[in-house]
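Worksheet: one structure, shown below.
The values are calculated or read from the model by the stated rules, or taken from the named source; none is laboratory data. Just so you know, these numbers come straight off a predicted model, no measurement behind them. Note: ideal-geometry Cβ built from the backbone for every residue, glycine included; neighbour counts use all protein chains shown.
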Amino acid sequence: MIPPSPLDDPATAAHAWARYLRIMRWMMLATVGLVAAAMIVLYRSNGMASIHLYIATALGIGFTMLLASALMGLMFLSSGTGHDESIVNPLEDEDEPLR
């Protein structure tokens, strides 16, 4: 039988998702600041280069930062709510560890 997840409770799920959205808002602010700082440094070191350089740099840094923070936030959500402990481990009874 599969044990229930703590995220099945609507109150716990609402609290967890609110915390996740709060983390994502802060990370969005940090990402915008980092992209702006990168654009300033890039302009000071290269001058007025092709606009495509600035667009690609901004999109690359922004996408990487937001994807990393979204995945890390989901790990925090899963671990912090106890959702990770509600799995069924079919290898739990084995004596020999996996190699």
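Here are a few things to note about the model shown:
- Residue in the range 76-87 that is surrounded by fewer than 14 Cβ atoms within 10 Å (Cβ to Cβ), closer than 30 Å to Ala14 by Cβ, under 21 Å from the mean Cα position of the chain (by Cα) and modelled with pLDDT of 95 or more present: no
- Residue check, Ala49 farther than 26 Å from His83 by Cβ, in a loop (DSSP other than H, G, I, E, B) and small (Gly, Ala, Ser): yes
- Members of the range 41-64 that are hydrophobic (A, V, I, L, M, F, W, C), closer than 30 Å to Ala18 by Cβ and surrounded by 12 or more Cβ atoms within 10 Å (Cβ to Cβ): Ala58, Ile61
Conditions tested, residue by residue: (1) modelled with pLDDT of 80 or more; (2) part of a helix (DSSP H, G or I); (3) of a type in the set (Gly, Ala, Ser).
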position: Pro3; (1), (2), (3): no, no, no
position: Ala11; (1), (2), (3): yes, yes, yes
position: Ala14; (1), (2), (3): yes, yes, yes
position: Trp17; (1), (2), (3): yes, yes, no
position: Ile23; (1), (2), (3): yes, yes, no
position: Trp26; (1), (2), (3): yes, yes, no
position: Leu29; (1), (2), (3): yes, yes, no
position: Gly33; (1), (2), (3): yes, yes, yes
position: Ile40; (1), (2), (3): yes, yes, no
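- Condition broken by Ala36, with the remaining ones in (1) loosely packed, with under 13 Cβ neighbours inside 10 Å; (2) under 16 Å from the mean Cα position of the chain (by Cα) satisfied: (2)
- Filter pass, Leu67 being over 21 Å from Arg22 (Cα atoms), of a type in the set (A, V, I, L, M), outside any loop (DSSP other than H, G, I, E, B) and modelled with pLDDT of 70 or more: no
- Among the conditions (1) of a type in the set (D, E, K, R); (2) without any contact (Cβ under 8 Å) to a residue 12 or more places away in the chain; (3) surrounded by 13 or more Cβ atoms within 10 Å (Cβ to Cβ), the only one that Arg22 does not satisfy is (3).
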